[in-house]
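Here the structure comes first, spelled out in structure tokens, and everything after it is commentary.
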Amino acid sequence: MADSGQGIRRRPQQARAQARMQRILDEAAALIAQKGSEQVKMSEIAERAEVPIGSVYQFFPDKTAIIRTLAEVYMARIRAGLVAGLADIASPAEALERIGSLFDDYYALFLSEPVLRDIWGGTQGDKLIQDLDIADSRENGQAVFDTLKRFVGVPDRPRFKTACFLVLHLTGAAVRMAIAVERKEGKRLVEEYKALMVRELGAFLKGPA
């Protein structure tokens with residue numbers, strides 16, 4: 001995971017300090033999942049992690065920095081799953097099937113991780129998390145482009161690269177919308193967006209170049 005410089009105050013080098021910082025993040029995530037980030041206090045995180053409050057501030061200047069770091073952790077986890085899911089694709093048809101499956105996995109992750117919903121629910125109010133989100137979409141779009149560009153004609157590749165970036169960014173917005181409404185409607189939104197995504201990217205895929 002790249003260090004944004006906006007989350008962790010001091011990145012630990014020793015194993016013991018790394019374990020302490022991870023415990024702080026784990027307990028912060030558990031508290032956010034339980035009661036929402038707005039209700040969580042730094043003192044509660046320290047108590048749950050069984051560390052002095054000074055240890056929390058040693059790594060993180062404030063609660064927002066913890067939330068940003070958790071966002072980066074989840075982004076790295078999602079990107080790793082994306083890259084793994086796109087490995088060894090043999091045809092455009094398989095590519096579109098994999099993309100649809102990866103979208104289903106992404107939606108399922110949001111449903112199963114309350115802390116993830118809380119973090120991204122706050123993106124509108126945190127410019128730094130918005131910037132992280134855009135940078136993450138760009139990297140994810142690049143991963144899709146790098147994997148599938150061999151199925152796209154050379155003249156169409158610049159547009160395809162832009163489409164990958166746009167679709168990957170809108171994917172996050174679509175999922176956040178789907179989990180904000182009643183579950184049955186959310187499933188319809190997910191299926192409609194998945195069809196839209198497959199149509200948009202599939203229009204570029206012709207066969208191995």
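Out of contact with any Lys or Arg (no Cβ under 8 Å at 6 or more places or on another chain), assigned by TED's automatic domain parsing to the domain that holds M75 and among the basic types (K, R): which single residue out of K149, K161, K184 fits that description?
Testing whether each residue is out of contact with any Lys or Arg (no Cβ under 8 Å at 6 or more places or on another chain), assigned by TED's automatic domain parsing to the domain that holds M75 and among the basic types (K, R) leaves just K184.
How many residues, within the stretch 47-56, are small (G, A, S) and surrounded by 15 or more Cβ atoms within 10 Å (Cβ to Cβ)?
The number of residues fulfilling the criteria is 2.
Just checking, how many residues over the stretch 43-56 are touching a residue at least 24 places away in the same chain (Cβ under 8 Å) and among the small types (G, A, S)?
The total comes to 2.
Can you tell me how many residues in the stretch 185-197 are buried (at least 18 other Cβ atoms within 10 Å of the Cβ) and under 13 Å from I99 (Cβ atoms)?
Qualifying residue count for the region: 3.
Testing K194 on (1) within 26 Å of D88 (Cβ to Cβ); (2) among the basic types (K, R); (3) over 21 Å from the mean Cα position of the chain (by Cα), one condition comes back false. Which one is that?
Here K194 meets the rest and fails (3).
Residues checked against (1) among the basic types (K, R); (2) surrounded by fewer than 20 Cβ atoms within 10 Å (Cβ to Cβ):
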{"site": "L109", "(1), (2)": "no, yes"}
{"site": "L116", "(1), (2)": "no, no"}
{"site": "I134", "(1), (2)": "no, yes"}
{"site": "N140", "(1), (2)": "no, no"}
{"site": "R183", "(1), (2)": "yes, yes"}
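Can you list residue pairs whose Cβ atoms sit under 7 Å apart, with the first residue in the stretch 141-165 being assigned to a helix (DSSP H, G or I) and the second being of a type in the set (D, E)? Count only pairs 6 or more apart in sequence or on different chains.
Close Cβ pairs satisfying both conditions: A163/E200.
For the condition in the same structural domain as H169 (by TED's automatic domain parsing), in contact with a helix residue (DSSP H, G or I) (Cβ under 8 Å, 6 or more places away or on another chain), modelled with pLDDT of 90 or more and hydroxyl-bearing (S, T, Y), what is the one hit in Y57, Y107?
Testing whether each residue is in the same structural domain as H169 (by TED's automatic domain parsing), in contact with a helix residue (DSSP H, G or I) (Cβ under 8 Å, 6 or more places away or on another chain), modelled with pLDDT of 90 or more and hydroxyl-bearing (S, T, Y) leaves just Y107.
Tell me which residues, restricted to the stretch 57-84, are surrounded by fewer than 15 Cβ atoms within 10 Å (Cβ to Cβ), free of Cβ contacts under 8 Å to residues at least 60 places away in the same chain and part of a helix (DSSP H, G or I).
Y57, R77, A80, G81, A84, listed by residue number.
Of all the residues that make up the stretch 92-110, how many are free of Cβ contacts under 8 Å to residues at least 12 places away in the same chain and among the hydroxyl-bearing types (S, T, Y)?
Residues that pass the stated criteria total 0.
The values are calculated or read from the model by the stated rules, or taken from the named source; none is laboratory data. Computed from a predicted model, the values in this text were never measured in an experiment. With ideal geometry, Cβ positions are generated from the backbone for all residues, glycine too; neighbour counts draw on all protein chains shown.
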